[in-house]
Amino acid sequence: MVRNIHEATEFLQKRGFEKPEVGIILGTGLGQLIDKVSIDAEVSYNHIPNFPTATVEFHKGKLIYGSLGGKKVVVMQGRFHLYEGYTPRDVTFPVRVMHKLGVKHLLVSNAAGAINLNFKKGEIMLIDDHINLQGSSPLAFLGVEHLGERFVDLSAPYDTDLNRKIEKIASENKITLHKGVYASVLGPQLETRAEYRYLKIIGADAVGMSTVPEVIVANHLKLPVAAVSVLTDECDPDHLKPVNIADIIKQAGIAEPNMITLFTELIKQL
Ligand code: HPA
């Protein structure tokens, strides 16, 4: 693993990925932020040594390096999901590479369903805490102690200083920003009505199929991380309509400009 990280990092450095300060992971349907980046270099995931290869066709699957908000950033356009068959270690490998490239902060986004019915689709939720329902951990492997502490503390997995800044930016820009608990499930199937009821009872405000593995690894690396969910549908078990993934992607795109404002303004302050 250490050698694999080193190889991927060296490869990217040779292609101009010089000392990025911030890493960004863009979730499903969230690609417009790239238009704001002044791009210096980009590489398809399938060209990067030891990277998992991109499969979900609506993800462009590229690592991008450039400037945003006056900082050098490295952006993952599209991420890897456990539901595609990747292991938790595969899914989080890019986080380890971004850290090795030198990023000091990680910003993560995802598309999620609203479990808290006070939250509406098209709004954004700042993730304050999470519940891992994926049945796995990206730290459960032999030799993890060579990369950091095995029993990683998650008493405050989302950086409080970053979150405070994001909340301030939201209020200054009149962006509705909820704060809550994100539950990660394996997917790829969406939830049943009984599962939505269960998620509400256990304290989730939003549900999605990503983010938690990357956040666990960021904590393993002591890399401050913040994450936002773009709410794409309302998961009301008593009035549940079939959701379709095309709608989810479309909704994500509609809400994305606010997410872009939050991230761009935050990066200026880092
Ligand atoms: N579940 C329900 N709704 C969603 C999800 C999910 O995992 N992701 C985006 N909308």
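Each value in this text was obtained by applying a stated rule to the coordinates, not by laboratory testing. Just so it is clear, the structure is predicted and the values come from calculations on it, not from any experiment. Ideal geometry is used to build each Cβ from the backbone, glycine not excepted, and the neighbour counts take in all protein chains shown.
Here is how the numbers come out for the structure above:
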{"read-out": "Shape call, region 1-80: gyration tensor on alpha carbons, a/c limit 1.5", "value": "oblate"}
{"read-out": "Degrees, to the nearest 10: 2-14 long Cα axis against longest axis of the chain", "value": "80"}
{"read-out": "GNM result for the chain, Cα springs below 10 Å: residue of Lys165, Lys174, Lys200 fluctuating most strongly", "value": "Lys174"}
{"read-out": "Hits among aspartates and glutamates - C-alpha to C-alpha of Lys165 under 14 Å, sequence gap 8 or more where chains match", "value": "Asp128, Glu265"}
{"read-out": "Fluctuation leader among Asn258, Asn118, Asn163 - the chain, Gaussian network, Cα springs under 10 angstrom", "value": "Asn118"}
{"read-out": "Protection proxy ranking, peptides 87-95, 28-36, average beta carbon neighbours within 10 Å, highest first", "value": "87-95, 28-36"}
{"read-out": "Chymotrypsin sites (Phe, Trp or Tyr not before Pro) lying in DSSP loop within region 118-186, provided at most 15 other Cβ fall within 10 Å", "value": "Phe141, Phe151"}
{"read-out": "Tilt relative to the chain, helix 160-172 - C-alpha long axis, 0 to 90 degrees, to 10", "value": "60"}
{"read-out": "Normalised alpha carbon radius of gyration of the chain [divisor 2.2 N^0.38 Å]", "value": "0.94"}
{"read-out": "Pairs of lysine residues in region 1-120 - Cα separation under 17 Å, sequence separation of 8 or more or cross-chain", "value": "15"}
